[in-house]
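K.L.:
This structure is in structure tokens; I'll ask about it shortly.
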């Protein structure tokens, strides 16, 4: 019989984005589940640390990496940078890797002894969290595995896909992402293709959330015109505070507000700091300045967190998922009341999931 989940001090977090599937997928297959369930102490996430830190659930990203993109981290630590994007992925390769990651997420839930559940609706997320289990929602970051004819969308939906970003930063048959560029705004390149517009409508029909976090500004406005669902950026920050191309303009924030949407604050220091540096010695006050600015632009019911755990350099004060208590303490010290912290940590995400997924 599995041990009972650890009851954390303070509110549970629902997180808008993590990359643990990519981290585990890079391990030899026999080691993946053991590393997750037993805890390997690597990266930011594993099941024991999730339970210790009060990680109640989140969006688990299927992301197919580009070969030979290892120089990006070093380039992004310069005072200014413009990282050349990798070419589009081969669809067959993307499909094979995405299927493997979707299977890995299901296997993680099966191997967890009831301590993690793959959830298909907002009510399932809430029920899992109430039972002390980690609520996992399958997300896809970059839709290369779907294909221009969209024949993969219903298949992945049947596997549990409930959130999808049409692009990562590299171009796809659906549209264009923002490059890794600082300083820069998001108004870079053309909008959605015909296939991208069809993808948005198909996602609306299946009640799959469309994630705007890597989409360029022209694509953002195309989604805003087409979609009948709330606009959501799962892991993005405020461009006025950090002029990274991945961050959002005031006009974009107001559009998200007007649809009852959501922004999850990204823990990546290069999208938090005014100097755009990948510096783990970044005070949590810097992150909370983005939270304050988002509350001012969106209202307190439309802001949460999208950590980018296992996919970014994050503040040392948090360290990994077990350090979420430091973020709770920082919010309390800043004067956030218990009701607001509950909204930011969890309830706002559960609300937008209910409005989008049903």
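K.L.:
Within 10 Å, count the other beta carbons around each residue, average over each peptide in 187-193, 299-305, 231-237, and list them highest first.
P.N.:
Details: 187-193: 16.7, 299-305: 21.1, 231-237: 29.6.
Sorting 187-193, 299-305, 231-237 by mean packing, highest first, produces 231-237, 299-305, 187-193.
K.L.:
Right, another one. Where in the stretch 187-207 does the amide nitrogen come within less than 16 Å of the point 7 Å from the Cα of residue 251, taken along Cα to Cβ?
P.N.:
187-192
K.L.:
Just order 112-122, 250-260 by mean Cβ neighbour count inside 10 Å, highest at the front, would you? All intermediate terms of the calculation are to be shown ahead of the outcome.
P.N.:
Working: 112-122: 19.3, 250-260: 17.7.
Answer by packing, highest mean first, reads 112-122, 250-260.
K.L.:
So for the pair residue 91, residue 338, with labels modelled 7 Å out along Cα→Cβ, what separation do we get in nm?
P.N.:
So the two model labels end up 5.4 nm from each other.
K.L.:
If each residue's Cβ is checked for other Cβ atoms within 10 Å, how do 182, 69 rank with the fewest at the top?
P.N.:
On the way: 182 23, 69 15.
Least crowded to most crowded, the residues run 69, 182.
K.L.:
To the nearest 0.05, what FRET efficiency results for residue 42 and residue 158 with a Förster distance of 45 Å applied to their C-beta separation? Please list the in-between numbers first.
P.N.:
Working: r = 32 Å, r/R0 = 0.70.
Between residue 42 and residue 158 the formula returns 0.90.
K.L.:
Oh, and also: What nm distance separates the two modelled labels at residue 127 and residue 275, each placed 7 Å from Cα along Cα→Cβ?
P.N.:
With each label placed 7 Å out from Cα toward Cβ, I get 5.1 nm.
K.L.:
Which order do the peptides 328-337, 262-271, 215-224 take when ranked by the mean count of other beta-carbon atoms within 10 Å per residue, highest first?
P.N.:
Ranked by mean Cβ neighbours within 10 Å, highest first: 262-271, 215-224, 328-337.
K.L.:
Something else about it: Fewest Cβ neighbours within 10 Å first, please rank 347, 100, 31, 144 accordingly.
P.N.:
On the way: 347 18, 100 14, 31 11, 144 26.
Neighbour counts put them in this order, fewest first: 31, 100, 347, 144.
K.L.:
Candidates (1) 20.1, 59; (2) 20.4, 65; (3) 18.5, 54; which is the computed Rg and Dmax of the Cα atoms in Å?
P.N.:
(3)
K.L.:
Oh, and also: Mean shadow of the stretch 156-285, computed from the convex hull of its alpha carbons, in nm²? Walk me through the numbers on the way to the answer.
P.N.:
Details: hull surface 32.5 nm².
Averaged projected area of the stretch 156-285's Cα convex hull equals 8.1 nm².
K.L.:
Counting only C-alpha contacts under 8 Å and six or more residues apart, can you give the relative contact order of the stretch 10-148 as a whole percent? Kindly include the intermediate steps, with their values, before the conclusion.
P.N.:
Working: 191 pairs, mean separation 40.3, N = 139.
It rounds to 29 percent for the stretch 10-148.
K.L.:
Let me know the shape class of the stretch 314-354, please: from the alpha-carbon gyration tensor, a ≥ b ≥ c as square roots of the eigenvalues, rounded when a/c is under 1.5, otherwise prolate if a/b is greater than b/c, or oblate.
P.N.:
Values: a/c = 3.24, a/b = 1.40, b/c = 2.31.
Note, shape of the stretch 314-354 comes out oblate.
K.L.:
Run the numbers for residue 326 and residue 207: contour at 0.36 nm per residue of separation, minus the present Cα-Cα distance, in nm. Can you show the working numbers first?
P.N.:
Values: separation 119, 0.36 × 119 = 42.84 nm, distance 3.47 nm.
Full-extension gain reported as 39.4 nm.
K.L.:
With a cut-off of 8 Å between alpha carbons and a minimum separation of six or more residues, what is the relative contact order of the stretch 248-358 in percent? Could you put the intermediate results ahead of the total?
P.N.:
On the way: 139 pairs, mean separation 34.3, N = 111.
The normalised contact order for the stretch 248-358 reaches 31 percent.
K.L.:
Then there is this: Normalising by the residue count of the chain, find the relative contact order in percent from Cα pairs under 8 Å and 6+ residues apart.
P.N.:
Values: 803 pairs, mean separation 69.9, N = 358.
Reported relative contact order: 20 percent.
K.L.:
Determine the calculated [θ] at 222 nm for the chain from helices alone, applying -39500 (n - 2.57) to every DSSP H run no shorter than 4 residues and normalising by the residue count; nearest 500 deg cm²/dmol.
P.N.:
Details: 14 runs with 132 residues, N = 358.
Theoretical 222 nm ellipticity from helices: -10500 deg cm²/dmol.
K.L.:
Rounded to the nearest 0.05, what FRET efficiency is calculated for residue 292 and residue 194 with R0 set to 30 Å and r the Cβ-Cβ distance?
P.N.:
On the way: r = 40 Å, r/R0 = 1.33.
Once rounded, the FRET efficiency stands at 0.15.
The numbers here are math on the coordinates, done by the rules we state, and not lab data. For clarity, every value in this text was computed on a predicted model and none was experimentally measured. All Cβ positions, glycine included, derive from the backbone under ideal geometry; neighbour counts span all protein chains shown.
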